[in-house]
2 protein chains.
Amino acid sequence: MDEGCFFEDLRLGQKASFGKTVTEADVVLFAAVTGDTNPMHLNEEYARESFFGERIAHGMLAAGLITKVMGTQLPGPGTIYLSQSLRFRKPVKIGDTVTATVEITALNEEKARVTLRTVCSVKGEPVLEGEALVAVPSRAAIADRRATKEAAE
Amino acid sequence: MDEGCFFEDLRLGQKASFGKTVTEADVVLFAAVTGDTNPMHLNEEYARESFFGERIAHGMLAAGLITKVMGTQLPGPGTIYLSQSLRFRKPVKIGDTVTATVEITALNEEKARVTLRTVCSVKGEPVLEGEALVAVPSRAAIADRRATKEAAE
């Protein structure tokens with residue numbers, strides 16, 4: 001079964017990454033799923049006259065890569081998302097390869113909560129920076145619940 | 001041509017909304033686009049044993065609805081996304097109808113920047129709350145640039 005890390009397995013400075021080339025198909029599908037048909041994403045003629053000079057990907061598409069890393073790699077399945085901040089530094093253009101990296105920057109043992117620095121980069125330059133707060137299952141809490149349940153039986 | 005609001009058109013308290021039923025197809029496509037194959041989203045047997053008891057949608061899918069409102073309605077096309085905070089209050093389940101609402105809470109005239117309160121709700125209950133900061137084209141800045149260009153010619 002897919003299982004992520006338990007809180008006890010996590011260490012400050014632990015990192016994980018995922019890279020993906022953002023294709024035209026991704027942008028079209030993202031527009032279909034969210035309804036975000038902003039011409040900046042879908043209309044090449046409009047985009048050419050716009051601030052960025054060409055079509056750009058939806059900002060939340062890059063943010064989705066951060067969630068991919070947290071939800072499947074570090075801490076992995078079982079992680080519960082509490083909050084995320086996002087600072088959009090540069091646009092992601094169609095064809096850019098985006099690498100999302102998360103790094104553990106704080107561990108709150110009492111609440112089994114984890115703070116991660118989250119960065120998406122294109123050719124080594126940050127395009128999206130922020131911070132995530134997540135809750136992670138802990139072995140201690142699971143053992144506590146089991147003991148309470150057994151005592152009640 | 002699709003055109004959004006100019007900064008001068010915006011007022012404190014202006015609001016816009018978009019509602020969408022989050023379907024299984026949306027979740028499958030979102031996983032394909034982002035690579036986020038967390039079993040919480042895709043594996044019904046896993047999800048049934050998990051904290052939420054059933055499959056939930058990707059958190060960033062709801063966040064994408066906020067961007068849809070800002071990029072196509074208020075302020076609309078031409079808006080440049082600077083930052084977004086997201087607090088995940090409750091999971092979005094497959095079949096839930098999510099309404100994303102944005103409301104202008106601050107206008108920075110000097111920089112033509114707009115702060116918006118952003119909320120996604122299901123049956124009137126907030127599932128995702130946060131704040132966005134965006135830059136919006138201003139008629140004043142466009143007129144200034146035109147005057148400078150003409151004076152140089």
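The values are calculated or read from the model by the stated rules, or taken from the named source; none is laboratory data. None of the values given here were measured: they were computed from a predicted structure. Note: ideal-geometry Cβ built from the backbone for every residue, glycine included; neighbour counts use all protein chains shown. With ligands, DNA and RNA removed, areas are computed over all heavy atoms of the protein, side chains included. Shrake-Rupley method; radii C 1.70, N 1.55, O 1.52, S 1.80 Å.
Here are the numbers:
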{"quantity": "Pairs with Cβ under 6 Å, 6+ apart, first in region B:27-38 and within 7 Å of another protein chain (Cβ to nearest Cβ), second among the acidic types (Asp, Glu)", "calculated": "B:VAL33/A:ASP26"}
{"quantity": "Extreme residue, farthest from A:GLU8 (Cα to Cα), among residues of region A:77-89 that are small (Gly, Ala, Ser) and surrounded by fewer than 20 Cβ atoms within 10 Å (Cβ to Cβ)", "calculated": "A:SER85"}
{"quantity": "Residue within region A:17-24 that is hydroxyl-bearing (Ser, Thr, Tyr), open to solvent by less than 60 Å² (accessible area, probe 1.4 Å) and free of Cβ contacts under 8 Å to residues at least 60 places away in the same chain present", "calculated": "no"}
{"quantity": "Given (1) open to solvent by 20 Å² or more (accessible area, probe 1.4 Å); (2) in contact (Cβ under 8 Å) with a residue 12 or more places away in the chain; (3) more than 9 Å from chain A (Cβ to nearest Cβ), index of the condition B:GLU44 fails", "calculated": "(2)"}
{"quantity": "Those residues of region A:96-123 which are assigned to a strand (DSSP E or B) and free of Cβ contacts under 8 Å to residues at least 24 places away in the same chain, in sequence order", "calculated": "A:ASN108, A:THR115, A:ARG117, A:VAL119, A:SER121"}
{"quantity": "Among (1) at pLDDT 95 or above; (2) within 10 Å of chain B (Cβ to nearest Cβ); (3) open to solvent by 10 Å² or more (accessible area, probe 1.4 Å), the one test that A:VAL92 misses", "calculated": "(2)"}
{"quantity": "Within region A:56-76, tally of residues that are within 7 Å of chain B (Cβ to nearest Cβ), open to solvent by 10 Å² or more (accessible area, probe 1.4 Å) and over 26 Å from B:MET70 (Cα atoms)", "calculated": "1"}
{"quantity": "Unique match (being of a type in the set (Gly, Ala, Ser), at pLDDT below 95 and farther than 18 Å from A:GLN84 by Cβ) among A:ALA47, A:ALA32", "calculated": "A:ALA47"}
{"quantity": "Residue ranges of helices (runs of 4 or more DSSP H) in region B:1-95 with at least 3 members of a type outside the set (Lys, Arg) and in contact with a Cys (Cβ under 7 Å, 6 or more places away or on another chain)", "calculated": "B:59-72"}
